[in-house]
1. Output the lone cysteines of the chain: those with no second cysteine's C-beta under 4.7 Å from their C-beta.
2. Counting only the heavy atoms of the protein chains, how much of Thr355 is accessible to a 1.4 Å probe, in Å² to the nearest 10?
3. Mind pulling the angle between the C-alpha long axis of helix 21-32 and the longest principal axis of the chain? Nearest 10 degrees, somewhere in 0 to 90.
4. Cα convex hull of the stretch 501-648: mean projected area in nm², to one decimal?
5. Which residues in the stretch 618-652 place their backbone N less than 20 Å from a point set 7 Å from the Cα of Asp548 along the Cα-to-Cβ direction?
6. Cβ neighbours within 10 Å, averaged per peptide: list 227-239, 89-101 in order, most packed at the top.
7. Report the net charge of residues surrounding Gln273, where surrounding means a beta-carbon distance below 13 angstrom and charges are Lys +1, Arg +1, Asp -1, Glu -1.
8. Could the peptides 169-177, 688-696 be put in order, highest first, of the mean number of other beta-carbon atoms found within 10 Å of their residues?
Amino acid sequence: MKHVVRFFTARRWPGGTRGRAMVTAGIALLLAVSGALTAFAVVVPPANSGGVVGVGPISGDNGFPVWYKDSNGVRLEGCLDGADPLCGFVPGVDFPDANSPISFPNNFPEEFFYQLASSTQDVAGGAGRAVITLALEGAFGGGPVKDGDQIAFERIRIRLSSVQPGATYRITHPYGVDEQVAEADGTVNFTEDVGLAPGVFTGALNGRVGPFLKWDPAVAPAAPAGFIGDPNVDHQVVGSPFNTNFVRVQGPGLAVIGNQTNTCTPATTDCIQSDLFSLRGKLATRAGFDIERNVYTRSADTGGTIDVFASSDSAPQSIQIEGNGIDPVLMVGDNGNYVGHIHFDGATVPELTITNKGDKPPTVKLSKPVDAIKGSAIWNADDKTLTVNATSSDTFANPALTASGFGGLSGGVLVANNVLGPPANVHVTSAVGGSVNLPVEVTGATFPPIPVSAFAGVDQDVLQGETVTLDGSGSTGPVTGFSWTQTAGPAVTLTGADTAHPTFTAPAGDNTLEFQLSVSGSGGPSTDSVVVNVHANAAVPIANAGPDQTVNQTATVHLDGTASEGGKTFKWVQTGGPAVSLTGANTSTPSFVAPKQNVLLTFELTVSGPGASSTDTVEVSVNPDDITVARAEFRISGSEWRIDGTDTIFGPGVSVTIYLGPTAQGAPLASNVPVDTLGAWSFREKPSNATPGGQTTITVVSSGGDEVRGFPLTIRN
């Protein structure tokens, strides 16, 4: 699955990229992209280099891939040495305990990098900057460090400041060309993140970042041993699949200043270019491995066999198995797939230590063998029984087997009665850890076709002399023929009595006619009747669309035409204001959800009877959203937040989101804070893991559309 998030915003962005700003902004995009956006971005082909092509096994230490591999065969591991300046961490800031090594989860950074390349150039006489970031990053989808929230994604971020509002800028970088339009405040803030789904580490392979960059070996100094570069030293790079190992920005007002080198061709004030990058990345010294299956077989207490299946990099690996009473055994394999077939003695199945000896340091995983389950699951369509047969490879201990959702097996068999809808697979588990998904086979007679069912349409009211059309097209099933007959009222001549839509001329006078439809086909015939009321004179209906209304944004609004007189049918259409979706537009009481705008909506109701109709209109005013903040306070003692306010829009589903800082950017401090039925909202948290982090203001955004920016934050002891 490909997860791509592109983000463009009119709000001003902070200058730094350290800490959570690198990842939370990307994750917050999932919430931010729904707003009204004025900028746009164009990716100029070629758009995807296909540069990162492989993802390594999952680390048993932290739950992230051990490595990513590019199309050149270069593998990079996560740079996770807190004491090594080449990994770029600030101990005590990026991870809590400055005096201890990085360890998961208690002393682990909220973000780290497989590759981080960044280019910075001055813009407009030094008043602004052009910052381009190209990264493959590990982080957490939910924010703080939490097992199960691991994500790895590719990022292309382009930030320009002090450029010309409304102007188009063309940015060429190692992984392609992008065009963006500057916002009204003279900024461009574009982020493309690919692979934000927790645990789906292959998602990052769909991005544009790759192959990996590295310091140009023809330019001294050489990259530090084991690394693609030193992030503390700007340097020329190689590796671009398009041979664009630089960042070039083209557009109006990009003056070259100071000693900055302008290598654009031709050199103009509308172009800046740099081939210097801060580059971070560590060459993988471990291939790692994943244990795909570890099962044992035995028939006595004297021992048995264990079969271990593992996967690793396609390059040959030295993966070894050992355990209590088991001498070391080397797994055999090819093209990344490895197997071990070993013997064990005694009544106890030993836990295995599996080690990739070629890794530096060696990758070690402990794995307890489980039994293998074989069997079948059969559902009988005639008597609706599900029969599960299963056996364990441990025929000595004969562990208990359970079919999930159905119960335990007795003697290896379970019969479940009256199973009207069987699952596609039955999951069987063993008391000693084995499991299997058994695909359900179906036996018995096949299902008969759906029988035909006649529907002669709705009753009608018509005027004398009118051409009337009957409607049997709503009949269901494999219909092979239609047959209409008149069963009551003055006789009329049916034209097309063997079709779905016969016609006749309504006779003179007030009469009630009845017709019967018979349809043929599988399971038929089937019949249904319809009544046609004929009127000598037309009664003019009176439409009444109900009183005008004033409603809140996002409220469910009900229109009311029940006071109309003499009508047989209703039809509502919207005649003014932003389009809404009317549910039940052909009923007397349709509904819709009010938009998040302070607008006036108008609707027209047409009520029709035999030979006549009338109309009426109604107006619906949508209240403006007005949010206020009464208090914003953080108490250092007790780490407590207290933030309160009001909103003129309230009711079920209405909420506010609170951000730290002068704008609604980055990860929110609090999301979905409900607005109560009186219009008040309140955020309380004690103790809180979040701190102001140097911010002195907050921004509050209502789901109704209003926001308060830069409200002062009071910080107390």
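1. Within the chain, no cysteine lacks a partner Cβ under 4.7 Å, so the list is empty.
2. Ignoring ligands and nucleic acids, Thr355 comes out at about 10 Å².
3. The angle comes out at about 10 degrees.
4. Here the figure is 16.9 nm², rounded to one decimal.
5. The answer is 618-625, whose backbone nitrogens lie closer than 20 Å to the label point.
6. Peptide ranking by packing, descending: 227-239, 89-101.
7. Within the 13 Å Cβ shell, the charges total -1.
8. By packing density, highest mean first, the sequence is 169-177, 688-696.
The values are calculated or read from the model by the stated rules, or taken from the named source; none is laboratory data. On a predicted model such as this, the values are computed, not experimentally measured, just so you know. All Cβ positions, even for glycine, are placed from backbone atoms using ideal geometry, and neighbour counts span all protein chains on display. Protein only, heavy atoms only, side chains kept; ligands, DNA and RNA dropped before computing areas. Shrake-Rupley method; radii C 1.70, N 1.55, O 1.52, S 1.80 Å.
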